[in-house]
Amino acid sequence: MFRVTRPLANVLKRTTGLTGLAVHPNPLPQLTKTYEETLSVLASIPSSSVYRQGVEALTLRKLNIVKNSNGDVAAVEKQLDEGQIEEALDIASDELNLAAKMVEWKSWEPLEEKPEAGQWEYAGTAPPS
């Protein structure tokens, strides 16, 4: 029978403590893959797109953190500051899905109809008349 000593038991993560979020057995390679897939999807958006510029910069920063971690999950969690590594995986997956939707929606193209006057003015930001 295999007996787990107390120090080893502390290293093995059994639960995230978050309902519906299971422990990932090997999170760093999956996180790297998700970030790389996101960058691949973003490459199909014009480089002038503000969305692409922002998400690409953020994803590259996060990818560098993961690649430079030497497999240290705790260091990645601390530097990403997104909670547990499983939460970071969830966030990365959501961003990948959103990037695919942005490509589908072609959000960088001009609007089909001109907006009504004042539609994009917010409280206290209206231009002087």
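The values are calculated or read from the model by the stated rules, or taken from the named source; none is laboratory data. As the structure is a prediction and not an experimental result, all values here were calculated from the model. Every residue, glycine as well, gets a Cβ built from its backbone with ideal geometry; the counts of neighbours run over all protein chains shown. Heavy atoms of the whole protein, side chains included, go into the accessibility calculation; ligands, DNA and RNA do not. Shrake-Rupley method; radii C 1.70, N 1.55, O 1.52, S 1.80 Å.
Along the charge dipole of the chain, which of 88, 17, 120 sits closest to the positive end, that is, farthest toward it, with unit charges on the beta carbon of Lys, Arg, Asp and Glu (+1, +1, -1, -1)?
Of the candidates, 17 comes out farthest on the positive side.
Mind checking which aspartates and glutamates have their C-alpha under 20 Å from residue 67, skipping anything on the same chain fewer than 8 residues away?
Those aspartates and glutamates meeting the cut-off are 36, 37, 56, 77, 81, 82, 86, 87, 90, 95.
Of 33/101; 78/106; 33/62; 13/78, which sit over 23 Å apart, Cα to Cα?
Listed pairs above 23 Å: 78/106.
Leaving out ligands, DNA and RNA, what percent of the accessible area of the stretch 23-129 is carbon and sulfur, probe 1.4 Å?
Here it works out to 52 percent.
Which value, in debye to the nearest 20, gives the size of the charge dipole of the chain about its Cα centre, when Lys and Arg are +1 and Asp and Glu are -1 at the Cβ?
So the magnitude is around 840 debye.
Residue by residue through the stretch 34-42, what is 3J(HN,Hα) from phi via Karplus (6.51 cos²θ - 1.76 cosθ + 1.60, θ = phi - 60°)? Round to whole Hz and write x for glycine and proline.
Couplings: 5, 4, 5, 5, 4, 4, 5, 5, 4 Hz.
Report, in debye and to the nearest 20, how large the dipole of the stretch 65-129 comes out about its Cα centre when Lys and Arg carry +1 and Asp and Glu carry -1 on their Cβ.
240 debye
More than 19 Å apart: what percent of Cα pairs in the chain qualify?
Summing the P(r) tail past 19 Å for the chain gives 62 percent.
What FRET efficiency would be calculated for the residue pair residue 36, residue 108, taking the C-beta separation as r and a Förster radius of 25 Å, to the nearest 0.05?
Computed FRET efficiency for residue 36 and residue 108 comes out at 0.70.
Taking the solvent-accessible surface of protein heavy atoms with a 1.4 Å probe, what is the per residue accessible area of the stretch 24-129 in Å²?
On a per-residue basis, 68 Å².
Find the relative contact order for the stretch 26-86 and round it to a whole percent, using C-alpha pairs within less than 8 Å whose residues are 6+ positions apart.
35 percent
How would you order 17-25, 58-66 from highest to lowest mean count of nearby Cβ atoms within 10 Å?
Answer by packing, highest mean first, reads 58-66, 17-25.
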